[in-house]
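Quick one: the structure is below, questions incoming.
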Amino acid sequence: KVIGVFKPKSEEPYGHLNPKWTKYFHKVCCPCCFGRGCLVPNQGYLSEAGAYLVDDKLGLGVVPKTKVVWLVSETFNYSAIDRAKSRGKKYALEKVPKVAKKFNRIGLPPKVGSFQLFVEGYKEADYWLRKFETDPLPENTRKEFQSQFERLVILDYVIRNTDRGNDNWLVRYEKHDDGLDLSDKDSQWTITKESTIKIAAIDNGLAFPFKHPDEWRAYPFHWAWLSQAKVPFSQETRDLVLPRISDMNFVQDLCEDLYELFKTDKGFDKATFENQMSVMRGQILNLTQALKDEKSPLQLVQMPRVIVERSSTGSQGRIVHLSNAFTQTFHSRKPFFSSW
């Protein structure tokens, strides 16, 4: 039984042990075209865990539980040296136990990466979206799907996901349209179970950019072209999210929680992290205004891109005020290929 999906840092596209030779060829021969210039290289596992952290703090409930863990498995892609060391230590343990006991570790070294719980019963959104065109959802289920969709939009926008197509968010739809008749000699009851629909936002490893995309590609949100994106955010969504993100102290706590997560990486750079948070704070500022103005997701992504940077002379205490702790600037440079 599959219980989760583990993505080791060392086997990411930028990782030195990525098993796909085409990625290695791409990185070596076309370094200028490899990856996304707005993202920190080789931090996909932190992005996955960070997306769950944001989802949990905002109460969205669309990202399966994801944590940073260390795991070992023979099926992972290890270097020839690591495998030779492992075999040598195991051989020494069998032949010379007294010497082998001095080893710090027997076996292959553990790998750090993101571990996300596996969700069952889900299919790619693209499959269900085509189905819904020919077989529309019942009104109550349609409203629930719209609510779930809005939560996906908020997550992607806040973390500025650069890789959200209709093939990497999932939908579980359980249709119940048949009633169960329970009869007796005096009365008849019909029990009808309502249809349920749920969205799961997976593949969040290409988020948290340190600048807005402004080179070749814009990395748009593909859900922006769906009909659901033209519907204004519901009152339910506004009531859930707006009280949180309109409080700068909540936003500061979110940034501090992300700092505790991101600083565990060996390549962590505080200045780069602060740039990542400046982009995220700008996204949150736009989202706050969009929710107040009752805009739609499509109108949200069309808003000017903003960066909210920490002021060097601002307050350093726990109580944060936007006017004296941060400075707001607009990011006007656009990518060469842009649809917004």
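Sketch the reach of a paramagnetic label on HIS176 as a point 7 Å from Cα along Cα-to-Cβ, and name the residues of the stretch 120-135 whose backbone nitrogen lies under 18 Å away.
121-122
Quick one: grab the alpha carbon gyration tensor of the stretch 203-322, order the square roots of its eigenvalues as a ≥ b ≥ c, and give me rounded if a/c is under 1.5, else prolate or oblate depending on whether a/b is larger than b/c.
The shape class here is oblate.
Counting Lys +1, Arg +1, Asp -1, Glu -1, what net charge surrounds ARG160 among other residues with beta carbon under 12 Å of its beta carbon?
Residues near ARG160 contribute +3 overall.
Additional query: So for each of 62-68, 156-162 I average, over its residues, the number of other beta carbons within 10 Å; can you give me the resulting order with the highest mean first?
156-162, 62-68
Further, regarding this structure: Order these by the 10 Å Cβ neighbour count, fewest first: HIS176, HIS212.
Ranking HIS176, HIS212 by Cβ neighbours within 10 Å, fewest first, gives HIS176, HIS212.
To the nearest 0.05, how large is the calculated FRET efficiency for VAL231 and ASP269 if R₀ is 30 Å and r is the Cβ-Cβ distance?
That gives a FRET efficiency of 0.15.
Could you give each residue of the stretch 273-290 its phi-based ³J(HN,Hα) in whole Hz, using Karplus coefficients 6.51, -1.76, 1.60 with θ = phi - 60°, and x for Gly or Pro?
For the stretch 273-290, the Karplus curve yields 4, 5, 5, 4, 5, 5, 5, 5, 4, x, 4, 5, 4, 4, 4, 4, 5, 5 Hz.
Order by neighbour count: LYS270, LYS111, fewest other Cβ atoms within 10 Å first, most last.
With the fewest neighbours first, LYS270, LYS111 line up as LYS270, LYS111.
Return the distance in nm (one decimal) between the two label points of a simple spin-label model at ARG310 and THR327, each offset 7 Å from Cα along Cα→Cβ.
1.5
Nearest 0.05, what FRET efficiency do SER147 and ARG244 give at R0 = 22 Å with Cβ-Cβ as r?
After rounding to 0.05, the efficiency reads 0.85.
May I ask you to derive the FRET efficiency for VAL72 and LEU129 from their Cβ-Cβ distance with R0 = 56 Å, giving the value to the nearest 0.05?
After rounding, the FRET efficiency stands at 0.90.
Rule-based calculations on the coordinates, nothing more; no lab input. Bear in mind the structure is a predicted one, so any value in this text is a computation, not a measurement. Here Cβ is always computed from backbone atoms with ideal geometry, including for glycine, and neighbour counts include all displayed protein chains.
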